Each structure stands twice: as C-alpha cells, then as structure tokens.
Amino acid sequence: MLSQDPNSPGSLGIAISEAIEDAVKSTDAKYSLGSVLNHVCLHQTIIGQEAIKQMEMAGEEPDVIIGCIGGGSNFAGLSFPFIRKKIVEKKPYRVIAVEPTSCPSVTKGELRYDFGDTAEMTPLLMMYTLGHKFMPPRIHAGGLRYHGMAPMVSHCVKLGLMEAVAYPQTKVFEAAVTFARTEGIIPAPEPAHAIKAVIDEAIKCREEGRKRVILFNLSGHGLLDLSAYDSYLSGKMKDVEESN
Amino acid sequence: MKQHITFPLSASELPTHWYNLLADFPEPVPPPLHPGTKQPITPDMLEPVFPKNLIMQEASTERWIEIPEPVREVYALYRPTPLIRAVRLERALQTPAHIYYKYEGASPAGSHKPNTAIAQAYYNKIAGTKRLTTETGAGQWGSSLAFACRLFGLECTVYMVRVSFEQKPYRKLLMQTWGGNSLCKPK
C-alpha cells in the first residue's frame, strides 16, 4: 500500500490485516480486536447496565440515547441494555448513533456481507459497509475511521431499533469546545460526534418548548488528542468528504 | 438548594454479568461466512486467531454471561464510572432538556476500551496465550490493550495506523510506559 502511495494515511482495515497475519504465523500469539465483534460488544455492556441503575438513582428515564460509532463498541455498550428494554418492555427510547460524514458507514453504506479488513483475511460479516477497500480521509477522530460496523449494531439498524446521523468534523469540534467550556471535560474527538447530536437535540427541545431526557456516552477524554484541538482552534481544520 | 448532578454507584454495585443482545433479537443476525465457500464459518476456523474461550463467547446466545472475578477485580480499579448531569451545558443552551453523560474517560487509558481489553487479556491468559497482536486507529485501543496485557502478564504487539502514529505520538509513549514489549509499527 505504501509503495503505491507513500502518502497513504493507512486505515484500520490495513492494520487489522497485519496484526492477524502476525498472530496466525505465531504459535503462542493470538489476535485481539477492539471493536466490531460480538464478544467486544458484550464486554462493553457493563456501561449501559451501570447507566440503567444510575438513571434510576437520578429518578429519570431517557427519551433519547446517543453514542458515536466507529466499529460500534462504545455505542453498543451504552445502548444494548436499553435496547433490550425496547424489545422486551416496549420502551419508546430513541437510540441515535453518530458518525463522521467523511466515513459514513451506516448513513451512506450498504448492508451486505463484506470483509472486516482490507487484505481480505477475515470472514465475511453482514454489516453496514463502505467497502473494505475504502480509505477514510485523515480526520482527527481516528477511532471512527473504519469502513464497516459491528454486525450486532448493523442488525439493530436493520430492525429499526435505532437510527444514525453524520456530521463533519468542524461542527463536531465546535460542539466539543462548547462542552469543554461548560462542563469542563475535554472530550475525545470520537465522542465529540455524540456531543454534536446531543446539542442539536437539546436545541430542538428549546425550540419546541419540550423537555426530553438525553443520555449519551462520553466514551473518552481528549487530553491526548490536543493536536486536534490545536488544528480546530487555529482555524486550520477543514471538513473532508469521503473520497471514494 | 444543592442539586445532585452526579449519581455514583458503589463498588458492590458493579455488574456481575455482561448482557448479550443476541438472546433478545426478534430475528437472528446472519452468520459470518467463509469467503471461499460462502458457508457459515465453523469455530475451528478461528482457532489460529482467537483462543477457544473467546470463540465460544463470540457465538454464544446466552443472555447473561458471568464476568469472571479476576476481570471484575480489575474493573474495580475504575468502575463503576460516573453518570453526570450536564446542567451547565443545559443552561448555556437554554434548553428544557435534561442531559446526562456516562463518563468512560475515567479509566486509566482514558476511554471505554479497557472494558474489553481487560476481559480479552484475561481469557487469553487462562487459555495459555503468551502474546497478543492488535491494530489501533487513534491509539486508544492499543494503549488499552497494552495496559490490560501488563496486568495479566502478556506481551503485546500493536500495529498503529500511519496517520495516527504521526498525529498522536503520546499514544505510542503510553503503550511503551505500560507494556515494555508493546511495539508500534507504523503502516
């Protein structure tokens, strides 16, 4: 890939292939994936289970549940225990996933079988995908630069249990700065996507004069992503649309 | 009058099980397919890549899966994580909405990634794995796996996406600080 294009930004899809190859060739090494797969979504449900108890302590039920999606695991972690209540108790929650416009796997992708990686080493997964050869542009939210989507999250979209929206990175960072200047925590670029959707929902509530309870996953802090904030605050950050 | 804006859970309220949505979907997820035969893959095909215990977990449709005690003990380093009401943001937006956020940035790695890194490192450890390989986008996953591997005594090799390697040098340093054996290979 680099010999063809030395300036290629690389992608998660390529790096997955290298890591798998290493594990397959070694006798005592195995591969570990940070998102997408069922067992990863499973482990992350500790988030939503705690949140259910905590919302009970707060004496409120969410109307809207929001999280960002790259591979889908932090979103799954918060939302799946609530989606269970949607299915079993018929709770009317709106569940919204947020992705970058430059890597819109769910809002612009196709639901079909596709490889999880660029070199075609994984099985074919039924998921929303932009195609495994898709090279996501160099946005600052590196964790969201993945062509596909967790099969379990994709299935929720297919069954109408959730919806998805996309935003460009300058709007996302505007929301991130608003959050940092009010709540104090500097968000990671990835959950800043969720924050943008939260702010839009809150503004809709103001315009409609309606109180809604909005719950979102602030999946990480941005203290190691300050170069992204530098880019935004200095005015250098540009919006990048998907390249192919 | 003081308004409660944080809703802390005690250590004893840390969940005991993970929840598997596969048990409650009204129709099943189409299975992963072998690219050559286009038939559903069988567990043995994943053995070069994953330990058997995680392969079984990947395919499981059990609704509640018990969190092993050694995993819960590590979770207790930073969990349960805070749930906070964003009253200042509400006021700034002049919205009647109530906004709550679940803060996963409270983990040592700064994100939700350790929740699965810790579990995967544990299951690999008991399966006899000595080293884990992985890739990382922004560096948050690689850091989290390096942290988890260090706690369970596994080596960790991280393949980092080139643009992130350049944009986020401190991630590589995090991995090295935890791992010693973590390598960053820019792609």
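Confirm whether A:A97 is on the phi < 0 side of the Ramachandran plot, within 13 Å of the chain's Cα centre (by Cα), touching a residue at least 60 places away in the same chain (Cβ under 8 Å) and at the interface with another protein chain (Cβ under 9 Å from one of its Cβ atoms).
no
Which one of these is surrounded by 24 or more Cβ atoms within 10 Å (Cβ to Cβ) and at pLDDT 80 or above: B:M175, B:M160? Walk me through how you get there before you give the answer.
Details: B:M160 fails: at pLDDT 80 or above.
From the options B:M175, B:M160, the qualifying one is B:M175.
What do you reckon, is B:R63 farther than 21 Å from A:G48 by Cβ, at pLDDT 95 or above and surrounded by fewer than 19 Cβ atoms within 10 Å (Cβ to Cβ)? Steps first, answer last, please.
Working: farther than 21 Å from A:G48 by Cβ: no; at pLDDT 95 or above: yes; surrounded by fewer than 19 Cβ atoms within 10 Å (Cβ to Cβ): yes.
No, not satisfied.
Please determine whether any residue of the stretch A:111-125 is more than 21 Å from A:L218 (Cβ to Cβ), open to solvent by less than 10 Å² (accessible area, probe 1.4 Å), outside any strand (DSSP E or B) and in contact with a strand residue (DSSP E or B) (Cβ under 8 Å, 6 or more places away or on another chain). Spell out how you get there, then give the answer.
Going residue by residue through the stretch A:111-125, those that are more than 21 Å from A:L218 (Cβ to Cβ) are A:111-125.
Then drop every residue that is not open to solvent by less than 10 Å² (accessible area, probe 1.4 Å), which leaves A:114, A:116-117.
Applying the additional criterion that residues be outside any strand (DSSP E or B) yields A:116-117.
Pick out the ones that are also in contact with a strand residue (DSSP E or B) (Cβ under 8 Å, 6 or more places away or on another chain) and you get A:116.
Among the residues of the stretch A:111-125, at least one is more than 21 Å from A:L218 (Cβ to Cβ), open to solvent by less than 10 Å² (accessible area, probe 1.4 Å), outside any strand (DSSP E or B) and in contact with a strand residue (DSSP E or B) (Cβ under 8 Å, 6 or more places away or on another chain), which makes the answer yes.
Based on what the data block shows, is B:F50 under 20 Å from A:L124 (Cβ atoms), open to solvent by less than 30 Å² (accessible area, probe 1.4 Å) and at pLDDT 95 or above? Don't jump to the end; show me each part of the working.
Details: under 20 Å from A:L124 (Cβ atoms): yes; open to solvent by less than 30 Å² (accessible area, probe 1.4 Å): yes; at pLDDT 95 or above: yes.
Answer is yes for this residue.
Kindly state which helices (runs of 4 or more DSSP H) lie completely within the stretch A:130-220 and contain at least 3 residues that are in contact with a helix residue (DSSP H, G or I) (Cβ under 7 Å, 6 or more places away or on another chain) and open to solvent by 20 Å² or more (accessible area, probe 1.4 Å).
Numbers: elements: A:151-158, A:169-183, A:189-208.
Passing ranges, in order: A:169-183, A:189-208.
Residue by residue through the stretch A:221-231, note down the ones that are in a helix (DSSP H, G or I) and more than 7 Å from chain B (Cβ to nearest Cβ). Please lay out each step first, then the result.
Of all residues in the stretch A:221-231, those in a helix (DSSP H, G or I) come to A:226-231.
Answer for the stretch A:221-231, where residues must be in a helix (DSSP H, G or I) and more than 7 Å from chain B (Cβ to nearest Cβ): A:L226, A:A228, A:Y229, A:D230, A:S231.
Give me a count of the residues in the stretch B:136-156 that are of a type outside the set (A, V, I, L, M) and either within 16 Å of A:N74 (Cα to Cα) or open to solvent by less than 10 Å² (accessible area, probe 1.4 Å) (or both).
Just the residues of the stretch B:136-156 that are of a type outside the set (A, V, I, L, M), to begin with: B:136-137, B:139-144, B:147, B:149-150, B:152-153, B:155-156.
If we keep only those that are either within 16 Å of A:N74 (Cα to Cα) or open to solvent by less than 10 Å² (accessible area, probe 1.4 Å) (or both) too, we end up with B:136-137, B:139-144, B:149, B:156.
The total comes to 10.
What pairs come up if the first residue lies in the stretch B:1-17 and is at pLDDT 95 or above and surrounded by 10 or more Cβ atoms within 10 Å (Cβ to Cβ), the second is basic (K, R) and assigned to a loop (DSSP other than H, G, I, E, B), and their beta carbons are under 7 Å apart, counting only those six or more places apart or on different chains?
Qualifying pairs under 7 Å: B:L14/B:R79.
Which ranges mark the helices (runs of 4 or more DSSP H) fully within the stretch B:12-130 that have 3 or more residues being within 7 Å of chain A (Cβ to nearest Cβ)? Talk me through it step by step, then tell me what you get.
Working: elements: B:52-59, B:69-75, B:87-93, B:114-127.
So the answer is B:52-59, B:87-93, B:114-127.
Could you please give the count of residues in the stretch A:73-105 that are out of contact with any Asp or Glu (no Cβ under 6 Å at 6 or more places or on another chain), farther than 24 Å from B:E104 by Cα and either among the hydrophobic types (A, V, I, L, M, F, W, C) or in a helix (DSSP H, G or I) (or both)?
Qualifying residue count, the stretch A:73-105: 2.
Considering the stretch A:28-41 alone, what residues qualify as being open to solvent by less than 10 Å² (accessible area, probe 1.4 Å), facing chain B (nearest Cβ under 7 Å) and within 18 Å of the chain's Cα centre (by Cα)?
A:G34, A:H39, A:V40
Could you identify the single residue in A:R210, A:R138, A:R145 that is of a type outside the set (S, T, Y), within 7 Å of chain B (Cβ to nearest Cβ), under 17 Å from A:K238 (Cβ atoms) and over 12 Å from the mean Cα position of the chain (by Cα)? Let's see the steps before the verdict.
Working: A:R210 fails: under 17 Å from A:K238 (Cβ atoms); A:R145 fails: over 12 Å from the mean Cα position of the chain (by Cα).
Answer to the selection: A:R138.
Can you find a residue that is of a type in the set (K, R) and within 13 Å of the chain's Cα centre (by Cα) anywhere in the stretch B:131-140? Explain how you work it out, then say what you get.
First, the residues of the stretch B:131-140 that are of a type in the set (K, R): B:131.
Narrowing further to those that are within 13 Å of the chain's Cα centre (by Cα): none.
No, that holds for no residue.
The values are calculated or read from the model by the stated rules, or taken from the named source; none is laboratory data. Because the structure is a prediction, the values reported are computed rather than measured. Note that each Cβ is placed from the backbone with ideal geometry, even for glycine, and that neighbours are counted across all protein chains shown. Heads up: the accessible areas ignore ligands, DNA and RNA and are worked out on the full protein's heavy atoms, side chains in. Shrake-Rupley method; radii C 1.70, N 1.55, O 1.52, S 1.80 Å.
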